[in-house]
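First comes the structure, then the notes that go with it.
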Amino acid sequence: MWAQMHELSIALGIVEAAQEEAAKRGASRVTAVHLKLGPLSGVVKDALEFSYGVACADTTLQGSRLVIEETRIMTLCANCGERRPVESLQSFRCAVCETPATEIVEGRELQLVALEIE
Amino acid sequence: MNPEPRLVEVRRNILKQNDVTARQLRERFRTSGVCAVSLVSSPGAGKTAFLEKTLAALRERRGVAALVGDLATENDAARLARSRAPVKQITTGTLCHLEAAMVERALEGWPPEPVKYLFIENVGNLVCPASYDLGEDLRMVLLSVTEGEDKPLKYPTIFNTADVAMITKIDLAEAVEFDWAAARANIEAVRPGMQVLQVSAKTGEGMADWLAFLERWAESRQ
């Protein structure tokens with residue numbers, strides 16, 4: 001229930017951002033929204049997809065698709081000295097050498113990356 | 001006839017406005033010498049009892065105030081007001097978390113006196129607050145011994161965004177057979193290197209360590 005309320009307010013934010021960006025480009029309709037979503041964004045994909053349809057109702061986005069690209073959690077590994085994926089959300093260790101991941105460089109994204117407009 | 005759909009690239013963070021407001025708050029806290037500490041936990045983990053004791057202890061020494069987020073009631077603010085520190089309620093209605101703009105609004109002409117410490121008690125929820133920067137310098141996640149040791153694994157995101165973990169209600173640890181090693185290992189798994197403190201608001205055990213930690217941390221930020 002809580003998660004859903006949270007994702008609904010995020011979905012409304014997506015619709016608002018998409019409307020503004022579409023208006024800037026003189027578009028009358030948005031047919032798809034491409035979103036980058038990180039595991040550390042605090043946003044649950046399923047709940048967001050559900051909320052998105054509700055948020056689009058009676059707007060220029062009605063009937064549009066939400067295309068979600070899920071990113072990975074990446075660390076700048078202190079041991080490898082390189083960007084590496086972490087093992088999992090329950091284990092913040094470098095997937096290559098298992099060093100604890102203290103510097104997270106990717107995985108918090110909640111970003112509008114592209115629109116399909118007409 | 002409709003024109004052909006076209007794909008346009010846009011780079012825009014959905015929570016950009018919140019992030020901008022949070023940055024402004026952080027800057028404001030820094031220039032006015034305020035240490036802002038936010039508290040997150042599940043409902044019933046003991047945030048309010050812990051905060052009440054903290055406010056009472058700090059009240060004797062230096063300026064302290066608290067903002068309290070709650071869904072509907074003002075019970076928490078009334079409880080905290082017993083500490084005689086300035087306390088202000090942010091009633092979020094149906095919203096399950098605080099946002100930076102709510103903190104900004106609550107701070108218009110408030111607190112009534114200069115403070116060194118500002119506490120921000122978030123709505124009891126381990127999911128939604130993870131997405132929203134409030135401009136705080138220190139985010140504390142509280143975990144009570146009665147909740148079980150695996151909370152960090154169930155809610156890794158909020159633990160990963162926090163700076164310090166506080167294990168609460170430790171006076172009940174023995175009764176519920178709390179597994180300290182497992183709890184610490186689980187916190188370490190989702191936030192390597194995170195400092196873990198412990199407290200009982202009821203008996204006062206751990207309060208001195210917590211206040212010493214807070215003071216050291218505040219000094220390190222100056």
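Since every read-out is calculated from the coordinates, none of them should be taken as a lab result. Just so you know, these numbers come straight off a predicted model, no measurement behind them. Here Cβ is always computed from backbone atoms with ideal geometry, including for glycine, and neighbour counts include all displayed protein chains.
Under the rule of at least 5 residues apart or a separate chain, name every residue whose amide H is placed under 5 Å from the amide H of B:GLN89.
B:VAL68
Have a look at B:ALA57, B:ALA66, B:ALA100 and tell me which one the Gaussian network model of chain B (Cα, springs below 10 Å) gives the largest fluctuation.
Ranking B:ALA57, B:ALA66, B:ALA100 by mean-square fluctuation puts B:ALA57 first.
With the Cα gyration tensor of the range B:119-222 giving a ≥ b ≥ c as the square roots of its eigenvalues, does the rule (a/c under 1.5 for rounded; else a/b larger than b/c for prolate; else oblate) give rounded, prolate or oblate? Let's see the in-between values first.
Values: a/c = 1.62, a/b = 1.14, b/c = 1.42.
Because a/c hits 1.5 or more and a/b fails to exceed b/c, the range B:119-222 counts as oblate.
Taking springs between alpha-carbon atoms closer than 10 angstrom, which of B:LYS169, B:LYS202, B:LYS88 fluctuates most in the Gaussian network model of chain B?
B:LYS202
Under a point spin-label approximation (7 Å from Cα along Cα-to-Cβ), what is the B:GLN222-B:GLU205 distance to one decimal in nm?
Those two pseudo-labels are separated by 3.3 nm.
Using Stokes-Einstein with the Kirkwood hydrodynamic radius over Cα pairs, what translational diffusion coefficient do you get for chain A at 37 °C and a viscosity of 0.692 mPa s, in µm²/s rounded to a whole number?
It diffuses with D of about 212 µm²/s by this estimate.
Can you give the Kirkwood hydrodynamic radius of the protein assembly as shown from its Cα pairs, in Å with one decimal?
Computed over the protein assembly as shown, the radius equals 21.4 Å.
Mind pulling the angle between the C-alpha long axis of helix A:2-24 and the longest principal axis of chain A? Nearest 10 degrees, somewhere in 0 to 90.
Long axis of A:2-24 versus the principal axis of chain A: about 60 degrees.
Relative to the first principal axis of the alpha-carbon coordinates of chain B, what is the inclination of helix B:16-31, with its axis defined by its Cα atoms, in degrees from 0 to 90 and to the nearest 10?
That helix lies at roughly 50 degrees to the long axis.
Find how many whole Å separate the alpha carbon centroid of the range B:99-152 from the alpha carbon centroid of the range A:21-39.
Cα centroid of the range A:21-39 versus Cα centroid of the range B:99-152: 32 Å apart.
Hey, got the dipole for the range B:16-221? About the Cα centre, +1 on K and R Cβ, -1 on D and E Cβ, debye to the nearest 20? Could you put the intermediate results ahead of the total?
Details: 25 positive and 28 negative charges, 118 e Å.
Magnitude of the dipole: close to 560 debye.
Could you work out how far helix B:207-221 tilts from the main Cα principal axis of chain B, as a 0 to 90 degree angle to the nearest 10?
40 degrees
Around A:GLY63, under 13 Å between beta carbons, what's the net of Lys plus Arg minus Asp minus Glu among the other residues? Please list the in-between numbers first.
Numbers: positive: A:ARG29, A:ARG65; negative: A:ASP58, A:GLU116, A:GLU118.
With Lys, Arg at +1 and Asp, Glu at -1, the net is -1.
Can you run phi through the Karplus equation (6.51, -1.76, 1.60; θ = phi - 60°) for the range A:92-103 and list ³J(HN,Hα) in whole Hz, with x for Gly and Pro?
7, 10, 4, 5, 8, 10, 6, 5, x, 8, 9, 10
Averaging over all projection directions, find the projected area of the Cα convex hull of the range B:16-221 and quote it in nm² with one decimal place.
Values: hull surface 43.5 nm².
Mean shadow area of the hull around the Cα atoms is 10.9 nm².
Among B:GLY135, B:GLY109, B:GLY204, which one shows the highest mean-square fluctuation when chain B is modelled as a Gaussian network with alpha-carbon springs under 10 Å?
Largest GNM mean-square fluctuation: B:GLY109.
List the residues whose amide H sits under 5 Å from the amide H of A:VAL113, counting only those 5 or more places along or on another chain, with H placed 1.01 Å from N in the peptide plane.
Correct list: A:HIS34, A:LEU35, A:LYS36.
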